[in-house]
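Here is the structure we will look at, set down as structure tokens.
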Amino acid sequence: MAQIVSLAEAVSRAVRDGDTVAMEGFTHLIPFAAGHEVIRQRRRELTLIRMTPDLIYDQLIGAGCARKLIFSWGGNPGVGSLHRFRDAVEHGWPAPLEIEEHSHAGMANRYAAGAAGLPFAVLRGYNGTGLVTQTESIKQVTCPFTGEQLTAVSAVNPDVAIIHAQRADRAGNVQLWGITGVQKEAVLSARRSIVTVEEVVASLDPRPNAVVLPSWTVSYVAHVPNGAHPSYALDYTVRDNGYYVAWDAIARDRDTFGRWLDEQIYEVSAGSPA
């Protein structure tokens, strides 16, 4: 059953050096506060998984937390490149970064397979790309019924999945709605999980199209209002577009990024929006 703890305690208990960590949330409900706490606790040698690594992984990579990134698209949405990501790949700063690239469909299927307890998923993607020959987690297979050439992708089973949600009840059941991406599948595929929430309530009200993660699927819940900033939580907070624009200049220069890291992460307590 989920334990309701502080964010610092959740990260301390769940995230270990060398872990494979998935932080999911597509445009919406991105777990920035939790990512900042991982940086603050100086976790190292992480394999980071995310369908769309944007600012949150640029920050983790620049802080030296990552050794590998598994992803399907990377960039600062609507602005441009991820400069800390690019610096790590091109120049090995602050540490060399291994990358494993997939399509969106491939990553979604990998999460779905992991959540279902299957070793792999099958889809019609990747044909005609060079990824099949370059990536160990992608294999061509023949359908035993039709003879069609298909693509198999290995399941994703992170050590830790981290997401943000609108609310949880006092028993640790989690509820999220709006653009939900693959958060459910990430949690169900992982060995451990952390969910930060906007509020903890006595009970969850029924809500059309909401996703509910039962308490027994979640390891830790932490009450972190505005924990998705600068992304947003539908019905609670709005997207901080100016932050995304400002990040381009902050991340472009190593020294400027270092000052941001000191002032906004290491000198700030857990759960405070950076």
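The values are calculated or read from the model by the stated rules, or taken from the named source; none is laboratory data. Just so we're clear, the structure is a prediction, and the values are computed from it rather than from any experiment. Note that each Cβ is placed from the backbone with ideal geometry, even for glycine, and that neighbours are counted across all protein chains shown. Protein only, heavy atoms only, side chains kept; ligands, DNA and RNA dropped before computing areas. Shrake-Rupley method; radii C 1.70, N 1.55, O 1.52, S 1.80 Å.
Just a few scattered comments:
- Structure-derived Cα extents along the principal axes in Å - corresponding label in (1) 59, 41, 30; (2) 82, 48, 32; (3) 56, 48, 32: (3)
- Furthest towards positive pole of dipole, His83, Thr52, Gln41, structure part the stretch 11-119, Cβ charges: Gln41
- For Leu123 and Val268, a Förster radius of 51 Å and the Cβ-Cβ distance give a FRET efficiency of 0.75, rounded to the nearest 0.05.
- Protection-proxy order for peptides 16-28, 53-65, each taking the mean of Cβ atoms within 10 Å per residue, highest first: 53-65, 16-28
- Rounded to the nearest 20, the Cβ-based charge dipole of the stretch 1-89 about its Cα centre (Lys and Arg +1, Asp and Glu -1) stands at 220 debye.
- Charge dipole (debye, nearest 20) of the chain; +1 at Cβ of Lys and Arg, -1 at Cβ of Asp and Glu: 480 debye
- Per residue, the accessible area of the stretch 5-78 comes to 25 Å², computed with a 1.4 Å probe over protein heavy atoms only.
- Helical contribution to [θ] at 222 nm, DSSP H n ≥ 4, -39,500 (n - 2.57), averaged over the chain, rounded to 500: -8000 deg cm²/dmol
- Accessible carbon and sulfur surface of the chain relative to its total accessible area, %, 1.4 Å: 51 percent
- Approximate spin-label separation Arg207-Arg191, in nm, with each point projected 7 Å along Cα-to-Cβ: 3.2 nm
- With protein chains left intact and a 1.4 Å probe, residues in the stretch 215-258 average 47 Å² of accessible area per residue.
- Extension gain from Asp255 to Glu9, taking 0.36 nm per residue of separation minus the Cα-Cα distance: 85.5 nm
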